[in-house]
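First up is the structure itself, then whatever we jot down about it.
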Amino acid sequence: MRLILLGPPGAGKGTQAQGLADHFGIVHISTGDMFRAAIKNETALGLQAKAFSDAGTLVPDDVTIGIVRERLGQSDCHEGFLLDGFPRTLVQAEALAEILKELEISLNAAVNVQVDRPLLMARLTGRRVCRQCGATYHIVFNPPPQEDQCGKCGGELYQRKDDNEETCEKRLDVYQRETAPLIEYYARKGILRNIQGDQEIDQVLADILAALQRDLT
Ligand code: ADP
Ligand code: AMP
């Protein structure tokens with residue numbers, strides 16, 4: 001199964017990605033996670049990405065396309081993959097089409113998780129992430145069993161630097177301008193699956209799996 005997860009920041013892409021990756025036995029590739037790891041490790045990529053990530057704007061297409069091209073060429077992607085947070089521009093979508101053509105594979109579906117802006121703001125500003133395993137929580141909607149501690153691995157929870165109100169508004173504007181046009185792009189390709197993201201986490205997963213039933217060939 002080869003999937004992309006579309007949807008604005010805070011829609012629940014990362015939350016659903018874990019369940020979907022487990023269900024299909026495929027790798028979860030999040031460009032945001034890749035950039036955050038590079039920033040933490042102070043690599044050359046991290047130095048390039050930091051200012052954009054902190055400001056809530058997009059890392060340039062050539063940089064982003066380069067890391068995805070390299071990642072999709074790795075052997076653990078042969079069984080399938082789930083792209084989370086990529087593509088985010090039409091240029092990235094065209095580049096992805098080119099990469100997949102070179103690899104002689106195609107996407108099964110583009111899952112578009114839909115949530116309205118006020119709820120997105122509440123989700124983003126209340127998000128907490130585990131420093132150790134990357135699990136995602138929300139202080140109100142999906143609280144950890146113990147405050148500031150990951151229920152899966154016991155790691156410390158932190159708030160992403162770009163999850164403050166001002167940067168979240170910026171990220172949602174960037175999404176509207178740069179990424180929302182991809183919905184129409186994948187609809188025209190006939191692989192778009194729209195999902196209501198403002199439901200319980202398990203229900204969203206069930207809806208995605210039901211929508212993918214016809215792509216399971
Ligand atoms: P994205 O990867 O799309 O930016 P996340 O998966 O990180 O979004 O989710 C954003 C925030 O919303 C997190 O705090 C997460 O715990 C919470 N969340 C995700 N899905 C749901 C849901 N269905 N109901 C309530 N809260 C959710
Ligand atoms: P995310 O974790 O998906 O919310 O992404 C966090 C940040 O990483 C974004 O605000 C961008 O700065 C950067 N980023 C992640 N994915 C991409 C992408 N596909 N294109 C450009 N920038 C990206």
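The values are calculated or read from the model by the stated rules, or taken from the named source; none is laboratory data. Fair warning: this is a prediction, and the values are worked out from it, not measured in the lab. As a convention, Cβ positions derive from the backbone with ideal geometry for all residues, glycine included, and neighbour counts pool all protein chains shown. Side chains are part of the model used for accessible areas, which takes the heavy atoms of the whole protein and leaves out ligands, DNA and RNA. Shrake-Rupley method; radii C 1.70, N 1.55, O 1.52, S 1.80 Å.
Tell me the mean residue ellipticity at 222 nm calculated for the chain from its helices only (DSSP H runs of n ≥ 4, each -39500 (n - 2.57), averaged over every residue, nearest 500).
It comes out at -14000 deg cm²/dmol, rounded to the nearest 500.
Taking just the C-alpha trace of the chain, give me its Rg and Dmax in Å.
Looking at the chain, its Cα Rg and Dmax stand at 16.5, 47 Å.
As a quick test, which of the pairs Lys101/Lys152; Lys50/Lys152; Lys152/Lys189; Lys13/Lys50; Lys101/Lys170 have an alpha carbon distance above 32 angstrom in this structure?
Lys101/Lys152; Lys152/Lys189; Lys101/Lys170
Just to confirm, what accessible area per residue do you get for region 146-217 at 1.4 Å probe, in whole Å²?
For region 146-217, the per-residue accessible area is 62 Å².
Give, rounded to the nearest 20 debye, the magnitude of the charge dipole that the chain has about its Cα centre when Lys and Arg contribute +1 at Cβ and Asp and Glu contribute -1 at Cβ.
60
If I compute solvent accessible area with a 1.4 Å probe over the protein chains, what percent of it on region 1-99 is carbon and sulfur?
53
Ignoring ligands, DNA and RNA, what percent of the 1.4 Å accessible area of region 104-159 is carbon and sulfur?
Answer for region 104-159: carbon and sulfur cover 46 percent of the accessible area.
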